[in-house]
Amino acid sequence: MTAAAVRTTCPYCGVGCGILAGRATDGAVTIEGDTEHPANSGRLCSKGAALGETLSLDDRLLHPLVDGERAGWDAALDLVASRFSGAIEQYGPDSVAFYVSGQLLTEDYYVANKLMKGYIGSANIDTNSRLCMASSVAGHRRAFGSDTVPGAYEDLELADLVVLVGSNLAWCHPVLYQRLLAARDKRGTRIVVIDPRRTSTCEHADLHLPLASGTDVALFNGLLAHLGGASLDHGYIEAHTNGLQPALEAARKVTPVEAARITGLDRRDIAAFYKLFETTPRTVTVYSQGVNQSSAGTDKVNAIINCHLATGRIGKPGMGPFSVTGQPNAMGGREVGGLANMLAAHMDLDNAGHRRIVQEFWGSPRVADKPGLKAVDLFRAVGDGRIKALWIMGTNPADSMPEADTVRAALEACPFVAVSDIVRHTDTTAYAHVLLPSAAWGEKEGTVTNSERRISRQRAFLPSPGEARPDWWQLAEVGKRMGFAQAFAYDGPSGVFAEHARLSAAGNNGTRDFDIGAYGSLNQAQYEGLAPFQWPAPAAGTVRQQRFFAQGGFFTPDRRARFAPTPYRPPATTTTTDYPLILNTGRMRDQWHTMTRTGKSPRLMAQFGEPHAEINPRDAAAYAIGPAGLATVSTEHGSVVVRALITDRQPQGAVFLPMHWTAQLSSLARAGSLVGGALDPVSGQPELKHTPATIAPFAADWYGYAVGRHRPARPVADYWALARTRNGWRTELAGAKQPDDWQAVLQALAGGGFDQPPDVVTFTDAGSRRQRLALFNGNQLIAALFTSPEPVQAARDYLAGALDQAFETPQQRYGLLAARPPVGQPDPGACLCACLGVGRNQILAAIGRNRRADAEAIGRETGAGTGCGSCRAEIAALVEANLQAGA
Ligand code: SF4
């Protein structure tokens with residue numbers, strides 16, 4: 001790395017990898033994994049490694065806007081402050097709300113929470129982390145009396161058994177998954193995956209339990225009942241817990257026969273899992289969105305924790321329940337009280353003593369004394385007019401919330417909406433009265449906390465463009481303008497962090513888990529040099545601990561853990577004759593949230609360049625959906641049209657839809673518009689993984705594939721999806737009726753702006769109704785369009801790459817219309833390994849050359865899978881398919 005490299009942290013998932021980011025004199029950005037960061041020791045996944053490709057300023061929000069017109073910061077902030085103050089004066093503090101994000105840094109989050117709970121006097125601040133891990137928070141607090149993750153990443157390396165529940169760790173937390181696989185190679189760790197889908201994570205599993213959606217509680221109740229026979233740790237239970245008997249009684253209602261009936265699993269597989277758990281003291285159970293995003297999410301968490309408490313397997317090396325968070329700073333948000341039902345520093349809103357500590361520490365005129373509105377209810381309150389002023393920061397609820405179309409309508413109707421974002425055009429910024437330009441990753445200073453309670457610095461290595469400013473500054477300025485100048489007179493994020501640290505220690509004395517008092521007097525230089533550390537970190541002189549609860553010491557009034565009875569409940573909604581399938585939503589390997597950043601990286605867009613749904617082959621046959629055809633996926637809340645990916649990884653009776661696509665990049669693919677608002681009654685987390693649905697073929701008369709140098713205006717087609725390529729854009733298209741003028745369609749896709757009329761090259765096969773058209777400016781391809789009455793067969797990556805080539809002769813130009821590379825020029829195929837840029841055809845060719853090769857050998861030959869490793873499962877599947885074809 002260059003001398004200018006800056007130590008910072010990845011802004012994507014909760015693994016929290018360290019990054020060395022550098023900027024050369026020509027402005028080029030270099031990104032490398034930080035070998036000294038304890039979370040990743042230099043590893044990065046495809047998303048982290050591609051961060052340098054996401055930093056361009058196109059579509060950045062660079063100046064404050066009021067009603068779409070450029071405004072100065074003072075005018076914009078004055079307006080936000082006056083609209084909030086006006087609403088509070090007329091309707092009271094609960095008439096305003098903040099909806100914030102796990103993307104915010106802890107310092108941003110702290111100031112937002114202080115302003116809302118301490119000065120406005122309402123708890124109406126909630127976060128998109130509500131959609132991610134609120135059930136884990138609720139489960140922790142119910143069992144431990146605090147929101148404590150007891151273990152550390154190292155435990156996955158020290159365990160003999162790792163149980164992954166509702167977690168596609170290989171795609172969603174790839175570096176942690178690679179740590180697990182490396183440990184497995186050394187010590188033979190057994191891996192059990194509990195997930196309805198056969199995800200990439202199953203590739204290395206010793207046992208995959210494809211349980212029926214939403215039945216995890218039944219499986220873990222059965223496990224607790226099984227353990228209750230003879231495998232309890234009576235010493236731990238008696239010394240450190242309460243409530244085993246009621247929990248056991250609830251669990252015993254699930255007999256082995258019932259467990260198999262409810263989960264749909266083979267009894268022998270269930271028995272094998274129970275035996276493995278029972279006989280393996282060093283067991284870690286990792287859980288993520290498949291557990292949390294459920295109307296029984298909190299019970300799922302507690303059913304898992306019950307099994308660990310009952311065996312005393314908690315807080316010891318290689319043992320414990322382990323929640324992995326989706327977002328980079330979900331944990332930091334929890335620490336500052338960024339959820340509507342929490343106070344700052346892991347204190348309780350409903351505890352008068354805690355409220356007093358916080359109010360005295362802040363010196364605030366008031367402090368909220370009751371929970372505020374959680375995310376889904378918050379937007380319902382916006383919709384029915386109870387919320388008069390709303391400030392959204394760093395998130396895109398018009399897409400990511402359940403009932404997303406209702407959320408759009410609520411935003412439309414809200415009297416005042418301010419949005420702080422780095423992007424000018426999102427599906428949410430469209431509803432903003434005031435748009436505030438935020439500093440982006442790489443431009444701001446602060447801290448984040450990863451899933452193992454490790455606090456790391458994010459550091460700036462780029463100047464903020466335009467008038468972009470950090471979110472904490474925006475909040476502090478509004479606080480000052482609302483009359484609280486002294487409380488928000490911060491001169492930088494280091495002062496905010498030190499205040500946050502001091503509050504964590506205030507009145508603590510070991511009664512609360514979150515204590516970073518050791519950093520309460522941090523000065524600017526110390527903040528700049530702050531190395532990653534795990535909490536707790538109480539003031540000097542006290543022994544640091546890496547784990548919690550091996551010797552009890554829970555944060556309940558009697559310092560004992562609480563077993564929670566978790567009677568099994570089915571999901572909130574059931575299939576009907578109209579909606580006989582189950583819709584599951586989730587992540588893709590190379591994308592992040594609503595693609596405002598990862599969508600800028602051509603290599604990250606290469607895995608899936610359009611929205612798709614995974615459909616089991618039997619369902620596809622039953623609903624007449626053909627390979628690569630388009631499918632309408634409908635629920636009672638809405639419909640989307642997406643490409644069908646027919647795969648037996650998906651269980652029969654269920655459809656999987658990625659959560660990432662927005663109306664900015666696709667015609668109709670917003671997953672949130674399909675999902676209802678069924679909530680977990682304890683955590684308020686919505687059930688994003690279980691919605692009754694149906695599918696149907698989309699009746700397309702024509703399909704199209706286009707490439708072009710410029711981003712097309714919104715295509716005139718019933719179906720379209722845009723993805724960036726290295727030098728332009730690719731567009732998938734389809735329509736129910738053929739256009740009259742294909743050249744006009746191509747001209748529109750080309751985005752116009754020609755210096756001179758372009759040369760047009762066309763080929764029409766009237767018999768087969770295939771059109772091929774290309775526009776050239778001299779020897780340069782501007783745009784090309786290929787249409788067909790069936791899904792277009794074309795070497796898509798070759799055509800995207802043709803934007804970089806020179807077409808000197810008429811033969812070369814007509815040759816392009818063949819839609820495949822000329823003889824002698826191999827087609828790498830769709831990019832399968834995003835880190836190394838290896839295409840599917842290259843891997844197939846390597847397999848063809850060595851039919852005995854395994855995924856490792858293919859990696860040695862092509863490089864595929866040797867980066868972050870999260871494509872290895874796909875490579876292994878190609879190898880396996882080849883073996884079976886040759887058998
Ligand atoms: Fe970023 Fe990937 Fe590390 Fe997650 S695993 S923090 S996305 S580099």
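The values are calculated or read from the model by the stated rules, or taken from the named source; none is laboratory data. Since this is a predicted model, take the numbers as computed values, not measurements. Note that we place each Cβ from the backbone using ideal geometry, even for glycine, and neighbour counts take in every protein chain shown. These area figures cover heavy atoms from the full protein model, side chains too; ligands, DNA and RNA do not enter into them. Shrake-Rupley method; radii C 1.70, N 1.55, O 1.52, S 1.80 Å.
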Requested in this report: Under 8 Å between Cβ atoms, at least 6 apart or on separate chains: pull out the pairs that start in the stretch 67-89 with a residue that is modelled with pLDDT of 95 or more and β-branched (V, I, T) and end on any residue that is open to solvent by less than 30 Å² (accessible area, probe 1.4 Å) and in a strand (DSSP E or B).
Outcome: V80/W391; V80/A418; V80/V434; V80/L436; I88/V96
**Report entry** Which listed residue, of F786, F776, is in a strand (DSSP E or B), over 37 Å from the mean Cα position of the chain (by Cα), more than 16 Å from the ligand (Cβ to nearest atom) and over 30 Å from H204 (Cβ atoms)
**Finding:** F776
Query raised in the report: Before we move on, is A230 in contact (Cβ under 8 Å) with a residue 24 or more places away in the chain, over 27 Å from D680 (Cα atoms) and open to solvent by 20 Å² or more (accessible area, probe 1.4 Å)?
Result: no
Requested in this report: Go through (1) within 13 Å of the ligand (Cβ to nearest atom); (2) of a type outside the set (D, E, K, R); (3) surrounded by fewer than 22 Cβ atoms within 10 Å (Cβ to Cβ) and name the single condition G16 misses.
Outcome: (3)
Query raised in the report: If we scan the stretch 714-735, do we find a residue that is open to solvent by 50 Å² or more (accessible area, probe 1.4 Å), at negative phi and among the small types (G, A, S)?
Result: no
Query raised in the report: Among the residues of the stretch 563-579, is any crowded, with 21+ Cβ neighbours inside 10 Å, more than 16 Å from the ligand (Cβ to nearest atom) and over 17 Å from K300 (Cβ atoms)?
Result: no
Query raised in the report: Looking at the stretch 856-868, is at least one residue open to solvent by less than 70 Å² (accessible area, probe 1.4 Å) and either touching a His at 6+ places or on another chain (Cβ under 6 Å) or over 24 Å from L181 (Cα atoms) (or both)?
Result: no
Query raised in the report: In this structure, is G48 touching a Phe, Trp or Tyr at 6+ places or on another chain (Cβ under 7 Å) and not acidic (D, E)?
Result: yes
Query raised in the report: Out of all the residues in the stretch 366-375, is one or more out of contact with any Lys or Arg (no Cβ under 6 Å at 6 or more places or on another chain) and assigned to a helix (DSSP H, G or I)?
Result: no
Query - Tally of residues being of a type in the set (A, V, I, L, M, F, W, C), within 26 Å of T809 (Cβ to Cβ) and more than 39 Å from the chain's Cα centre (by Cα) across the stretch 743-772 - result: 4
Query raised in the report: Among T311, T280, which is the only one that is touching a strand residue (DSSP E or B) at 6+ places or on another chain (Cβ under 6 Å) and either surrounded by fewer than 24 Cβ atoms within 10 Å (Cβ to Cβ) or without any contact (Cβ under 8 Å) to a residue 24 or more places away in the chain (or both)?
Result: T280
Query raised in the report: Taking the stretch 716-739, which residues are more than 21 Å from M605 (Cα to Cα) and in a strand (DSSP E or B)?
Result: G735
Query - Scan of the stretch 833-887 for residues that are small (G, A, S) and in a loop (DSSP other than H, G, I, E, B), ordered by number - result: A834, G837, A853, G863, A864, G865, G867, G869, S870, A887
**Report entry** Every pair of residues 6+ apart whose Cβ atoms lie under 9 Å, when the first sits in the stretch 834-849 and is of a type in the set (K, R) while the second is assigned to a helix (DSSP H, G or I)
**Finding:** R840/E874; R840/L878; R849/E861
Query raised in the report: Taking the stretch 203-227, which residues are farther than 26 Å from Q685 by Cα and modelled with pLDDT of 95 or more?
Result: A205, D206, L207, H208, A225, H226, L227
**Report entry** the stretch 233-274, residues that are of a type in the set (S, T, N, Q) and either assigned to a helix (DSSP H, G or I) or open to solvent by 30 Å² or more (accessible area, probe 1.4 Å) (or both)
**Finding:** N242, Q245, T255, T263
Report task. Residues being under 18 Å from R587 (Cβ atoms) and either open to solvent by 30 Å² or more (accessible area, probe 1.4 Å) or without any contact (Cβ under 8 Å) to a residue 40 or more places away in the chain (or both): count how many of those fall in the stretch 395-408. Result -> 1
Query - Residue tally, condition part of a strand (DSSP E or B) and over 22 Å from V336 (Cβ atoms), over the stretch 126-183 - result: 5
Query raised in the report: Given G48, G22, which one is within 30 Å of the chain's Cα centre (by Cα) and within 16 Å of the ligand (Cβ to nearest atom)?
Result: G48
Query raised in the report: Checking D67 against (1) more than 16 Å from the ligand (Cβ to nearest atom); (2) buried (at least 17 other Cβ atoms within 10 Å of the Cβ), which test does it fail?
Result: (2)
Requested in this report: Look through the stretch 516-530, keep the residues that are touching a residue at least 24 places away in the same chain (Cβ under 8 Å) and assigned to a loop (DSSP other than H, G, I, E, B), and return whichever of them is most open to solvent (accessible area, probe 1.4 Å).
Outcome: N523
Report summary line: The condition of being out of contact with any Ser or Thr (no Cβ under 8 Å at 6 or more places or on another chain) and modelled with pLDDT of 95 or more holds, among P565, P571, P580, only for P565
Report task. Inspect the stretch 460-474 for any residue being assigned to a strand (DSSP E or B) and surrounded by 18 or more Cβ atoms within 10 Å (Cβ to Cβ) and give the result as yes or no. Result -> yes
Report task. Take the stretch 114-143 and flag every residue that is surrounded by fewer than 24 Cβ atoms within 10 Å (Cβ to Cβ), touching a residue at least 60 places away in the same chain (Cβ under 8 Å) and among the charged types (D, E, K, R). Result -> R142
Query raised in the report: How many residues, within the stretch 595-607, are open to solvent by less than 20 Å² (accessible area, probe 1.4 Å) and either at negative phi or in contact with a Cys (Cβ under 8 Å, 6 or more places away or on another chain) (or both)?
Result: 6
Query raised in the report: So which of A693, A631, A620, A663 ends up being open to solvent by less than 10 Å² (accessible area, probe 1.4 Å), assigned by TED's automatic domain parsing to the domain that holds T598 and outside any strand (DSSP E or B)?
Result: A620
Report task. Output yes when any residue across the stretch 31-43 is of a type in the set (K, R), more than 10 Å from the ligand (Cβ to nearest atom) and open to solvent by 10 Å² or more (accessible area, probe 1.4 Å), and no when none is. Result -> no
Query raised in the report: Take the residues of the stretch 51-64 that are at negative phi and more than 16 Å from the ligand (Cβ to nearest atom): which is most open to solvent (accessible area, probe 1.4 Å)?
Result: L57
**Report entry** Neighbours by Cβ (under 7 Å, 6+ apart or cross-chain): first from the stretch 572-599, among the aromatic types (F, W, Y); second outside any strand (DSSP E or B)
**Finding:** Y579/E636; W592/Y12; W592/K47; W592/T598
